[in-house]
Amino acid sequence: MAAWETNVRKVIPYTPGEQPDRTDIIKLNTNENPYPPSPEVERILREMPLEILRKYPDPTADALVTALSECYHMPKEQIFVGVGSDDVLAMSFLTFFNGKKPILFPDITYSFYDVWAELFRIPYDCQPLDENFQIRTEDYLKPCGGIVIANPNAPTGVARDLAELERIVAANPEVIVIIDEAYIDFGGESAVKLIPQYDNLLIVQTFSKSRSLAGMRIGYAFGNEKLIKYLNDAKYSFNSYTMNTVTVAMGVEAVRDKAYFRETVGKVVATREWTKKELLRLGFTFQDSQSNFIFASHPQCPAKELFEALKRQGIYVRYFAKPRIDNYLRISIGTDGEMKTLIAFLEKYVGENL
Ligand code: PMP
(Lines give C-alpha, C1' and ligand atoms only; values in the text may rest on other atoms or scores of the structure.)
Protein backbone atom coordinates (compact mmCIF):
# COMPACT_ATOMS: atom_id res chain seq x y z
CA MET A 1 0.00 0.00 0.00
CA ALA A 2 1.39 3.43 -0.93
CA ALA A 3 1.89 5.83 2.00
CA TRP A 4 -0.82 8.19 0.70
CA GLU A 5 -3.36 5.42 0.62
CA THR A 6 -3.93 5.66 4.38
CA ASN A 7 -5.74 8.96 3.70
CA VAL A 8 -7.97 7.62 0.97
CA ARG A 9 -11.72 7.33 1.62
CA LYS A 10 -12.10 3.67 0.83
CA VAL A 11 -15.50 2.36 -0.14
CA ILE A 12 -16.94 -0.77 -1.65
CA PRO A 13 -19.20 0.63 -4.35
CA TYR A 14 -22.77 -0.36 -5.11
CA THR A 15 -23.10 -2.88 -7.94
CA PRO A 16 -25.87 -1.94 -10.35
CA GLY A 17 -27.62 -4.55 -12.51
CA GLU A 18 -25.96 -5.47 -15.77
CA GLN A 19 -26.63 -3.23 -18.81
CA PRO A 20 -25.66 -5.46 -21.73
CA ASP A 21 -24.98 -4.03 -25.21
CA ARG A 22 -27.06 -6.72 -26.87
CA THR A 23 -30.50 -5.60 -28.01
CA ASP A 24 -31.84 -9.11 -28.59
CA ILE A 25 -32.27 -9.91 -24.91
CA ILE A 26 -35.28 -9.76 -22.66
CA LYS A 27 -34.09 -7.41 -19.97
CA LEU A 28 -35.87 -8.00 -16.68
CA ASN A 29 -32.96 -7.24 -14.36
CA THR A 30 -33.07 -3.54 -13.41
CA ASN A 31 -36.77 -2.72 -12.89
CA GLU A 32 -36.93 -0.44 -15.89
CA ASN A 33 -40.30 0.29 -17.46
CA PRO A 34 -40.83 -1.77 -20.63
CA TYR A 35 -42.72 1.10 -22.30
CA PRO A 36 -41.12 4.22 -23.74
CA PRO A 37 -41.58 7.59 -22.04
CA SER A 38 -44.54 9.81 -22.98
CA PRO A 39 -44.63 10.93 -26.64
CA GLU A 40 -44.59 14.48 -25.24
CA VAL A 41 -41.07 13.78 -23.94
CA GLU A 42 -40.00 12.80 -27.44
CA ARG A 43 -41.63 15.90 -28.92
CA ILE A 44 -39.85 18.32 -26.58
CA LEU A 45 -36.54 16.62 -27.30
CA ARG A 46 -37.01 17.03 -31.06
CA GLU A 47 -38.05 20.66 -30.70
CA MET A 48 -35.22 21.66 -28.41
CA PRO A 49 -32.86 24.20 -30.00
CA LEU A 50 -29.18 23.36 -29.45
CA GLU A 51 -28.69 27.00 -28.50
CA ILE A 52 -30.09 26.33 -25.02
CA LEU A 53 -27.07 24.18 -24.21
CA ARG A 54 -24.74 27.16 -24.48
CA LYS A 55 -25.93 28.47 -21.12
CA TYR A 56 -25.79 26.91 -17.68
CA PRO A 57 -29.01 25.26 -16.55
CA ASP A 58 -31.34 26.79 -13.99
CA PRO A 59 -29.79 25.56 -10.70
CA THR A 60 -33.23 25.43 -9.06
CA ALA A 61 -34.76 23.38 -11.92
CA ASP A 62 -37.77 25.61 -11.36
CA ALA A 63 -39.77 24.36 -14.36
CA LEU A 64 -39.60 20.80 -13.05
CA VAL A 65 -40.34 21.80 -9.47
CA THR A 66 -43.36 23.78 -10.73
CA ALA A 67 -44.65 20.81 -12.78
CA LEU A 68 -44.29 18.50 -9.76
CA SER A 69 -45.95 21.10 -7.55
CA GLU A 70 -48.97 21.25 -9.87
CA CYS A 71 -49.18 17.48 -10.28
CA TYR A 72 -48.93 16.59 -6.58
CA HIS A 73 -50.56 19.74 -5.15
CA MET A 74 -47.46 20.36 -3.09
CA PRO A 75 -45.98 23.84 -2.47
CA LYS A 76 -42.77 24.39 -4.44
CA GLU A 77 -40.86 25.05 -1.21
CA GLN A 78 -41.57 21.46 -0.20
CA ILE A 79 -39.98 19.86 -3.26
CA PHE A 80 -36.35 18.93 -3.87
CA VAL A 81 -35.12 17.54 -7.19
CA GLY A 82 -31.99 15.64 -8.09
CA VAL A 83 -30.19 13.42 -10.58
CA GLY A 84 -32.22 10.28 -10.00
CA SER A 85 -33.48 9.30 -6.58
CA ASP A 86 -30.01 7.90 -5.90
CA ASP A 87 -28.73 11.49 -5.89
CA VAL A 88 -31.66 12.65 -3.75
CA LEU A 89 -31.12 9.82 -1.27
CA ALA A 90 -27.34 10.32 -1.10
CA MET A 91 -27.86 14.04 -0.49
CA SER A 92 -30.41 13.23 2.21
CA PHE A 93 -28.02 10.83 3.98
CA LEU A 94 -25.33 13.53 3.89
CA THR A 95 -27.67 16.24 5.16
CA PHE A 96 -29.73 14.49 7.80
CA PHE A 97 -27.74 11.58 9.18
CA ASN A 98 -25.09 13.34 11.22
CA GLY A 99 -25.81 11.96 14.67
CA LYS A 100 -23.75 9.52 16.70
CA LYS A 101 -26.50 6.92 17.03
CA PRO A 102 -26.87 4.38 14.21
CA ILE A 103 -29.43 4.88 11.48
CA LEU A 104 -31.85 2.00 10.99
CA PHE A 105 -32.96 0.18 7.86
CA PRO A 106 -33.99 -3.40 7.06
CA ASP A 107 -31.42 -6.18 6.54
CA ILE A 108 -32.99 -6.91 3.16
CA THR A 109 -33.50 -3.69 1.26
CA TYR A 110 -32.06 -1.44 -1.42
CA SER A 111 -28.37 -2.27 -1.31
CA PHE A 112 -27.27 1.32 -1.80
CA TYR A 113 -28.26 2.32 1.78
CA ASP A 114 -25.31 0.64 3.46
CA VAL A 115 -22.99 1.91 0.71
CA TRP A 116 -23.95 5.55 1.41
CA ALA A 117 -23.71 4.93 5.15
CA GLU A 118 -20.16 3.62 4.66
CA LEU A 119 -19.24 6.44 2.26
CA PHE A 120 -20.39 9.15 4.69
CA ARG A 121 -19.17 7.26 7.79
CA ILE A 122 -22.70 7.03 9.20
CA PRO A 123 -23.14 4.29 11.81
CA TYR A 124 -26.00 1.91 10.88
CA ASP A 125 -27.83 -1.02 12.33
CA CYS A 126 -29.82 -3.35 10.06
CA GLN A 127 -33.17 -4.61 11.37
CA PRO A 128 -34.15 -8.10 10.20
CA LEU A 129 -37.33 -8.41 8.19
CA ASP A 130 -39.66 -11.13 9.49
CA GLU A 131 -40.03 -14.50 7.70
CA ASN A 132 -42.60 -12.94 5.34
CA PHE A 133 -40.16 -10.15 4.44
CA GLN A 134 -42.22 -7.66 6.45
CA ILE A 135 -40.78 -4.81 8.49
CA ARG A 136 -41.35 -5.25 12.22
CA THR A 137 -42.53 -1.86 13.41
CA GLU A 138 -41.16 -2.39 16.94
CA ASP A 139 -37.60 -2.52 15.57
CA TYR A 140 -37.91 1.13 14.62
CA LEU A 141 -39.31 2.45 17.88
CA LYS A 142 -35.96 2.90 19.60
CA PRO A 143 -33.42 5.74 19.83
CA CYS A 144 -31.52 6.06 16.56
CA GLY A 145 -29.83 8.50 14.22
CA GLY A 146 -32.46 8.28 11.49
CA ILE A 147 -34.48 5.75 9.53
CA VAL A 148 -34.75 4.82 5.88
CA ILE A 149 -37.44 2.46 4.61
CA ALA A 150 -38.26 1.59 1.02
CA ASN A 151 -42.01 1.19 0.52
CA PRO A 152 -42.71 -1.00 -1.39
CA ASN A 153 -39.42 -2.56 -0.37
CA ALA A 154 -36.78 -3.74 -2.82
CA PRO A 155 -35.88 -6.39 -3.79
CA THR A 156 -38.87 -8.03 -2.08
CA GLY A 157 -41.69 -5.94 -3.61
CA VAL A 158 -43.49 -6.07 -0.27
CA ALA A 159 -45.41 -2.96 0.86
CA ARG A 160 -45.97 -1.93 4.48
CA ASP A 161 -49.27 -0.52 5.75
CA LEU A 162 -49.21 3.24 5.91
CA ALA A 163 -50.54 3.16 9.49
CA GLU A 164 -47.46 1.16 10.56
CA LEU A 165 -45.10 3.56 8.78
CA GLU A 166 -46.89 6.45 10.45
CA ARG A 167 -46.27 4.84 13.85
CA ILE A 168 -42.55 4.83 13.04
CA VAL A 169 -42.52 8.45 11.89
CA ALA A 170 -44.56 9.59 14.91
CA ALA A 171 -42.31 7.73 17.37
CA ASN A 172 -39.13 9.35 16.03
CA PRO A 173 -39.60 13.13 16.12
CA GLU A 174 -35.91 13.66 16.89
CA VAL A 175 -34.66 12.17 13.63
CA ILE A 176 -35.47 12.22 9.94
CA VAL A 177 -37.43 9.28 8.56
CA ILE A 178 -36.92 8.76 4.84
CA ILE A 179 -39.50 6.74 2.95
CA ASP A 180 -38.12 5.68 -0.41
CA GLU A 181 -41.15 5.38 -2.68
CA ALA A 182 -39.33 4.43 -5.88
CA TYR A 183 -42.07 1.87 -6.67
CA ILE A 184 -45.14 3.45 -5.05
CA ASP A 185 -46.94 4.17 -8.33
CA PHE A 186 -47.33 0.43 -8.90
CA GLY A 187 -48.98 -0.27 -5.53
CA GLY A 188 -49.01 0.42 -1.82
CA GLU A 189 -50.17 3.64 -0.20
CA SER A 190 -47.99 6.74 -0.44
CA ALA A 191 -46.96 8.55 2.73
CA VAL A 192 -47.11 11.92 0.96
CA LYS A 193 -50.38 12.73 2.70
CA LEU A 194 -48.60 12.56 6.09
CA ILE A 195 -46.21 15.40 5.26
CA PRO A 196 -48.39 18.22 6.72
CA GLN A 197 -48.43 16.38 10.08
CA TYR A 198 -44.77 15.37 10.41
CA ASP A 199 -41.86 17.73 9.92
CA ASN A 200 -39.37 14.84 10.20
CA LEU A 201 -40.71 12.94 7.18
CA LEU A 202 -39.01 12.93 3.78
CA ILE A 203 -40.56 11.07 0.85
CA VAL A 204 -38.33 10.22 -2.11
CA GLN A 205 -39.68 9.24 -5.53
CA THR A 206 -38.26 8.76 -9.03
CA PHE A 207 -38.99 9.12 -12.75
CA SER A 208 -36.98 5.96 -13.46
CA LYS A 209 -39.74 3.39 -13.05
CA SER A 210 -43.31 4.65 -13.48
CA ARG A 211 -42.31 7.44 -15.88
CA SER A 212 -39.93 5.34 -18.01
CA LEU A 213 -37.03 7.79 -17.67
CA ALA A 214 -34.28 5.78 -15.95
CA GLY A 215 -31.84 7.04 -18.58
CA MET A 216 -32.59 10.71 -17.89
CA ARG A 217 -31.91 10.51 -14.13
CA ILE A 218 -34.64 12.42 -12.31
CA GLY A 219 -35.57 11.96 -8.68
CA TYR A 220 -37.39 14.17 -6.20
CA ALA A 221 -38.33 14.49 -2.58
CA PHE A 222 -41.28 15.95 -0.69
CA GLY A 223 -40.96 17.21 2.85
CA ASN A 224 -41.46 20.05 5.24
CA GLU A 225 -40.18 23.42 3.94
CA LYS A 226 -37.35 23.60 6.48
CA LEU A 227 -36.16 20.13 5.61
CA ILE A 228 -36.10 20.94 1.87
CA LYS A 229 -34.13 24.11 2.60
CA TYR A 230 -31.49 22.08 4.45
CA LEU A 231 -31.30 19.69 1.52
CA ASN A 232 -30.87 22.52 -0.97
CA ASP A 233 -28.19 24.14 1.19
CA ALA A 234 -26.20 20.90 1.08
CA LYS A 235 -26.80 20.49 -2.65
CA TYR A 236 -25.67 24.03 -3.50
CA SER A 237 -22.58 23.51 -1.36
CA PHE A 238 -21.70 20.47 -3.42
CA ASN A 239 -22.65 21.18 -7.04
CA SER A 240 -25.27 23.74 -8.08
CA TYR A 241 -25.78 22.48 -11.62
CA THR A 242 -26.78 18.90 -11.04
CA MET A 243 -29.78 18.77 -13.35
CA ASN A 244 -29.21 19.64 -16.98
CA THR A 245 -31.50 21.74 -19.18
CA VAL A 246 -32.60 18.84 -21.39
CA THR A 247 -33.50 16.64 -18.44
CA VAL A 248 -35.54 19.37 -16.80
CA ALA A 249 -37.54 20.02 -19.99
CA MET A 250 -38.20 16.32 -20.57
CA GLY A 251 -39.14 15.77 -16.95
CA VAL A 252 -41.75 18.54 -17.15
CA GLU A 253 -43.47 16.85 -20.09
CA ALA A 254 -43.38 13.45 -18.39
CA VAL A 255 -45.11 14.83 -15.28
CA ARG A 256 -47.74 16.69 -17.28
CA ASP A 257 -48.82 13.69 -19.35
CA LYS A 258 -50.93 12.11 -16.65
CA ALA A 259 -53.03 10.05 -19.05
CA TYR A 260 -49.99 8.29 -20.50
CA PHE A 261 -48.58 7.75 -17.00
CA ARG A 262 -51.82 6.09 -15.85
CA GLU A 263 -52.04 3.98 -18.98
CA THR A 264 -48.51 2.56 -18.81
CA VAL A 265 -48.56 2.01 -15.04
CA GLY A 266 -51.90 0.21 -15.51
CA LYS A 267 -50.39 -2.03 -18.16
CA VAL A 268 -47.39 -2.94 -15.97
CA VAL A 269 -49.69 -3.73 -13.02
CA ALA A 270 -51.96 -5.92 -15.19
CA THR A 271 -48.94 -7.82 -16.55
CA ARG A 272 -47.59 -8.24 -13.01
CA GLU A 273 -50.84 -9.79 -11.84
CA TRP A 274 -50.86 -12.18 -14.83
CA THR A 275 -47.22 -13.11 -14.12
CA LYS A 276 -48.01 -13.81 -10.46
CA LYS A 277 -50.69 -16.33 -11.44
CA GLU A 278 -48.39 -18.04 -13.94
CA LEU A 279 -45.49 -18.25 -11.47
CA LEU A 280 -47.78 -19.75 -8.84
CA ARG A 281 -48.99 -22.31 -11.39
CA LEU A 282 -45.37 -23.34 -11.97
CA GLY A 283 -44.75 -23.82 -8.25
CA PHE A 284 -42.86 -20.60 -7.50
CA THR A 285 -43.36 -18.93 -4.15
CA PHE A 286 -43.17 -15.21 -3.42
CA GLN A 287 -44.58 -12.55 -1.16
CA ASP A 288 -47.24 -10.45 -2.82
CA SER A 289 -45.51 -7.73 -4.84
CA GLN A 290 -46.85 -4.20 -5.10
CA SER A 291 -43.99 -3.06 -7.32
CA ASN A 292 -42.89 -3.57 -10.93
CA PHE A 293 -40.99 -6.75 -10.10
CA ILE A 294 -41.57 -10.09 -8.38
CA PHE A 295 -39.08 -11.66 -5.97
CA ALA A 296 -39.59 -15.37 -6.48
CA SER A 297 -38.14 -18.69 -5.39
CA HIS A 298 -38.78 -22.26 -6.53
CA PRO A 299 -38.57 -25.16 -4.07
CA GLN A 300 -37.03 -27.52 -6.64
CA CYS A 301 -34.91 -25.18 -8.74
CA PRO A 302 -31.92 -23.42 -7.13
CA ALA A 303 -32.13 -19.72 -8.04
CA LYS A 304 -28.52 -19.37 -9.13
CA GLU A 305 -28.80 -22.20 -11.64
CA LEU A 306 -32.07 -20.85 -12.95
CA PHE A 307 -30.56 -17.37 -13.22
CA GLU A 308 -27.74 -18.77 -15.35
CA ALA A 309 -30.07 -20.86 -17.50
CA LEU A 310 -32.24 -17.79 -18.15
CA LYS A 311 -29.18 -15.76 -19.06
CA ARG A 312 -28.04 -18.37 -21.59
CA GLN A 313 -31.50 -18.06 -23.09
CA GLY A 314 -31.10 -14.26 -23.36
CA ILE A 315 -33.45 -13.51 -20.46
CA TYR A 316 -31.78 -11.34 -17.82
CA VAL A 317 -33.15 -11.24 -14.28
CA ARG A 318 -31.39 -10.22 -11.05
CA TYR A 319 -29.79 -12.60 -8.59
CA PHE A 320 -28.29 -11.52 -5.24
CA ALA A 321 -25.70 -13.81 -3.64
CA LYS A 322 -26.59 -12.55 -0.17
CA PRO A 323 -27.70 -14.18 3.09
CA ARG A 324 -31.44 -14.98 3.27
CA ILE A 325 -32.10 -14.11 -0.39
CA ASP A 326 -29.65 -16.27 -2.33
CA ASN A 327 -32.40 -18.60 -3.49
CA TYR A 328 -34.55 -15.87 -5.03
CA LEU A 329 -34.71 -14.18 -8.40
CA ARG A 330 -35.92 -10.63 -8.82
CA ILE A 331 -37.88 -10.51 -12.05
CA SER A 332 -38.82 -7.09 -13.42
CA ILE A 333 -42.15 -6.84 -15.22
CA GLY A 334 -41.70 -6.50 -18.98
CA THR A 335 -44.26 -6.36 -21.77
CA ASP A 336 -46.90 -9.09 -22.06
CA GLY A 337 -44.89 -10.67 -24.86
CA GLU A 338 -41.68 -10.69 -22.82
CA MET A 339 -43.40 -12.23 -19.82
CA LYS A 340 -45.01 -14.90 -21.99
CA THR A 341 -41.56 -15.85 -23.32
CA LEU A 342 -40.24 -15.97 -19.77
CA ILE A 343 -43.10 -18.14 -18.53
CA ALA A 344 -42.77 -20.51 -21.52
CA PHE A 345 -39.08 -20.98 -20.72
CA LEU A 346 -39.75 -21.47 -16.99
CA GLU A 347 -42.47 -24.00 -17.71
CA LYS A 348 -40.06 -26.10 -19.75
CA TYR A 349 -37.20 -25.63 -17.26
CA VAL A 350 -39.27 -26.54 -14.20
CA GLY A 351 -40.72 -29.56 -16.04
CA GLU A 352 -37.24 -30.85 -16.85
CA ASN A 353 -35.88 -30.25 -13.35
CA LEU A 354 -38.57 -31.83 -11.22
N1 PMP B 1 -34.65 3.30 -4.43
C2 PMP B 1 -34.92 2.03 -4.72
C3 PMP B 1 -35.60 1.19 -3.70
C4 PMP B 1 -34.52 1.48 -5.95
O5 PMP B 1 -34.74 0.19 -6.22
C6 PMP B 1 -33.88 2.31 -6.89
C7 PMP B 1 -33.49 1.76 -8.25
N8 PMP B 1 -32.26 1.16 -8.32
C9 PMP B 1 -33.62 3.64 -6.53
C10 PMP B 1 -34.03 4.10 -5.30
C11 PMP B 1 -32.85 4.56 -7.43
O12 PMP B 1 -33.51 4.87 -8.59
P13 PMP B 1 -33.09 6.11 -9.47
O14 PMP B 1 -31.77 6.64 -9.00
O15 PMP B 1 -33.03 5.60 -10.86
O16 PMP B 1 -34.17 7.13 -9.26
Seminar exercise, completed: Within the range 155-175, the residues that are in a helix (DSSP H, G or I) and either within 16 Å of the ligand (Cβ to nearest atom) or among the polar types (S, T, N, Q) (or both) are 165
Exercise. Within the range 219-229, can one find any residue that is within 26 Å of residue 253 (Cα to Cα), more than 19 Å from the chain's Cα centre (by Cα) and open to solvent by less than 10 Å² (accessible area, probe 1.4 Å)?
Worked result: yes
Exercise. Just a yes or no: is a residue in the range 31-46 basic (Lys, Arg) and either open to solvent by less than 30 Å² (accessible area, probe 1.4 Å) or within 25 Å of residue 117 (Cβ to Cβ) (or both)?
Worked result: no
Exercise. Residue 91: part of a loop (DSSP other than H, G, I, E, B) and either open to solvent by less than 20 Å² (accessible area, probe 1.4 Å) or at pLDDT below 95 (or both), yes or no?
Worked result: no
Exercise. Limited to the range 283-304, what total is found for residues that are touching a His at 6+ places or on another chain (Cβ under 8 Å) and either buried (at least 16 other Cβ atoms within 10 Å of the Cβ) or closer than 23 Å to residue 208 by Cα (or both)?
Worked result: 1
Exercise. Only one of these conditions is not met by residue 81: (1) open to solvent by less than 60 Å² (accessible area, probe 1.4 Å); (2) of a type outside the set (D, E, K, R); (3) in contact (Cβ under 8 Å) with a residue 60 or more places away in the chain; (4) assigned to a helix (DSSP H, G or I). Which number is it?
Worked result: (4)
Seminar exercise, completed: Here the qualifying pairs (Cβ atoms under 9 Å; residues six or more apart or on different chains; first in the range 221-238 and assigned to a helix (DSSP H, G or I); second open to solvent by 70 Å² or more (accessible area, probe 1.4 Å) and among the acidic types (Asp, Glu)) come out as 225/77; 225/199; 226/199; 227/199; 228/77; 229/77
Exercise. Give me the pairs: first residue in the range 184-198 and part of a loop (DSSP other than H, G, I, E, B), second residue basic (Lys, Arg), beta-carbon distance under 9 Å, and six or more apart or on different chains, which are they?
Worked result: 187/272; 188/160
Exercise. Residues of the range 98-134 being open to solvent by 10 Å² or more (accessible area, probe 1.4 Å), in a loop (DSSP other than H, G, I, E, B) and within 25 Å of residue 190 (Cβ to Cβ), which ones?
Worked result: 107, 109, 110, 111, 112, 130, 132, 133, 134
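The values are calculated or read from the model by the stated rules, or taken from the named source; none is laboratory data. Fair warning: this is a prediction, and the values are worked out from it, not measured in the lab. Every residue, glycine as well, gets a Cβ built from its backbone with ideal geometry; the counts of neighbours run over all protein chains shown. Heavy atoms of the whole protein, side chains included, go into the accessibility calculation; ligands, DNA and RNA do not. Shrake-Rupley method; radii C 1.70, N 1.55, O 1.52, S 1.80 Å.
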